Amino acid sequence: MERRDLYDENRQLLNKTIEKGEKIPTGCFILVVMAFIENQEGKYLVQKRSELKGGEWSFTGGHPKHGESSLDGVKTEVLEELGIIPENPVLFKSIRGEDAFCDMYAIKQDIDLSSIVKQDEEVSDVMFCTKEEIDKLFEEGKFKKGHYMMFQEYLKYKKENNI
């Protein structure tokens with residue numbers, strides 16, 4: 001079974017873990033990582049979650065495993081879900097939610113969609129989309145809300161840094 005590290009409200013490792021799917025104890029936090037992969041054309045790699053995961057479009061992300069750093073976790077998630085090694089992930093924002101810290105990474109990388117090896121239990125499809133296409137998917141209720149909200153943070157980061 002997959003284990004996750006627990007942190008306190010100041011993001012200090014507690015030397016405690018929980019099993020995947022287990023309720024997060026009150027006052028404890030887990031770590032979540034998100035990858036925003038953008039190609040040279042300014043399109044974003046999105047993935048359709050498997051029906052078991054709700055079937056919505058989203059960005060690549062997940063939970064680092066026990067002992068993994070945030071950076072290692074984002075690399076692991078991209079490799080596991082898409083079969084690709086992410087090049088130079090850049091942490092651009094970390095937020096604290098109700099029971100999780102979420103680290104968001106920007107990845108500039110051209111990827112050939114035919115080279116992607118989808119993790120079937122997580123991902124049913126992949127495509128590159130413009131910002132406008134992602135907006136449309138969200139407006140149609142086809143894009144995971146939390147991921148879309150984090151995408152807005154990515155766009156804000158890009159604007160503030162003239163990227």
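The values are calculated or read from the model by the stated rules, or taken from the named source; none is laboratory data. Keep in mind that this is a model prediction, so the values were computed, not measured. A quick note on method: Cβ atoms are made from the backbone with ideal geometry, for glycine too, and the neighbour counts reach across all protein chains shown. Areas reflect the complete protein model, heavy atoms only, side chains present, ligands, DNA and RNA absent. Shrake-Rupley method; radii C 1.70, N 1.55, O 1.52, S 1.80 Å.
Here are the numbers for this structure:
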{"item": "Test for Leu13: is it open to solvent by 80 Å² or more (accessible area, probe 1.4 Å), in contact with a strand residue (DSSP E or B) (Cβ under 9 Å, 6 or more places away or on another chain) and among the aliphatic types (A, V, I, L, M)", "result": "yes"}
{"item": "Selection status of Ile95, of a type in the set (A, V, I, L, M), assigned to a strand (DSSP E or B) and open to solvent by 30 Å² or more (accessible area, probe 1.4 Å)", "result": "yes"}
{"item": "Every pair of residues 6+ apart whose Cβ atoms lie under 6 Å, when the first sits in segment 135-150 and is under 20 Å from Gly62 (Cβ atoms) and open to solvent by less than 90 Å² (accessible area, probe 1.4 Å) while the second is among the aromatic types (Phe, Trp, Tyr) and modelled with pLDDT of 95 or more", "result": "Phe143/Trp57; His147/Phe59; Tyr148/Phe138"}
{"item": "Meets criteria (closer than 20 Å to Leu71 by Cα, touching a Ser or Thr at 6+ places or on another chain (Cβ under 9 Å) and among the acidic types (Asp, Glu)) for Asp103", "result": "yes"}
{"item": "Qualifying residue in segment 98-107 (condition: part of a helix (DSSP H, G or I), without any contact (Cβ under 8 Å) to a residue 12 or more places away in the chain and open to solvent by 40 Å² or more (accessible area, probe 1.4 Å))", "result": "no"}
{"item": "Qualifying positions in segment 134-147 - under 18 Å from the mean Cα position of the chain (by Cα) and in a loop (DSSP other than H, G, I, E, B)", "result": "Lys142, Lys144"}
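So that you can scan it fast, the table gives a plain yes or no per residue for (1) assigned to a helix (DSSP H, G or I); (2) farther than 30 Å from Thr26 by Cα:
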{"position": "Asp72", "(1), (2)": "yes, no"}
{"position": "Leu79", "(1), (2)": "yes, yes"}
{"position": "Pro86", "(1), (2)": "no, yes"}
{"position": "Val126", "(1), (2)": "no, yes"}
{"position": "Glu132", "(1), (2)": "yes, yes"}
{"position": "Met149", "(1), (2)": "yes, no"}
